[in-house]
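Note sheet for the following structure.
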Amino acid sequence: GGDLSDYAKSKEVSEMFVFLGHVNDPDRVLFGCDVVARPSRIGNPWGREILEGMMLGKAAIALGTYQGFVINDETGFLLANYSPESFAERITYLADNPAETHRMGLNAKRLVKEKCNPVARARDLAITWHAAVDSRKL
């Protein structure tokens, strides 16, 4: 039984973490972080928390192969296999290298702004729809 905070206490590492539970305003938490991590076991390296963190200029650490957002050594670290040690090594590296963390965070923000730009994506969609309609006219 118990939860992750209980487990951390049993391993005598609870002072290394802050367990917030449900948070109504997660942006406030993200603003206070240097890195956003997604230690998913399913190899899905992006999700809302990754995109929102990257948009706020946070380096990302995730698991998977899709490099659409988390690009290894550019916007963060993309790990091929789940390993708590690998996550810890990357977190420690970023904690010890604030300039590198900042560089990756700036790259992350720039990438998300580019890929998630609503005007550009609406234009892409309009082009796709126009091409589909034009192909039906033949």
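The values are calculated or read from the model by the stated rules, or taken from the named source; none is laboratory data. Since the structure is predicted, the reported quantities are computational estimates derived from the model, not experimental observations. Reconstructed Cβ throughout: ideal geometry from the backbone, glycine too, with neighbour counts over all protein chains shown. Keep in mind that these areas ignore ligands, DNA and RNA; they rest on the heavy atoms of the full protein, side chains included. Shrake-Rupley method; radii C 1.70, N 1.55, O 1.52, S 1.80 Å.
For residue 59, the residues whose amide H sits under 5 Å from its own are 36, 105, ignoring neighbours fewer than 5 places away on the same chain, with H placed 1.01 Å from N.
Under a 1.4 Å probe, what is the accessible area of segment 56-138 per residue, stated in Å²? Show your work: numbers first, answer last.
Numbers: 5340 Å² over 83 residues.
Per residue, segment 56-138 has 64 Å² of solvent-accessible surface.
Solvent-accessible area assigned to carbon and sulfur over the chain amounts to 56 percent, based on a 1.4 Å probe.
Listed by chain and number, the lysines whose C-alpha is less than 17 Å from the C-alpha of residue 58, apart from same-chain residues fewer than 8 away, are 109, 113, 115. Legend: P(r) of segment 2-54 from all alpha carbon pair distances, 5 Å bins from 0, whole percents, reading 4, 15, 21, 22, 23, 13, 1. Peptide packing for 85-96, 119-130, 56-67 was compared via the average number of neighbouring C-beta atoms within 10 Å per residue; ordered from the highest value, the list is 56-67, 85-96, 119-130. Taking every Cα-Cα distance in the chain and sorting them into 10 Å bins starting at zero, the pair-distance distribution P(r) comes out as 11, 33, 31, 13, 7, 3, 1, 0 percent. The 3J(HN,Hα) values that the Karplus relation (6.51, -1.76, 1.60; θ = phi - 60°) gives for segment 65-71 are, in residue order, 10, 6, 9, x, 10, 7, 10 Hz. Gly and Pro appear as x. Taking 7 Å steps out from each Cα toward its Cβ at residue 33 and residue 11 produces label points 1.7 nm apart.
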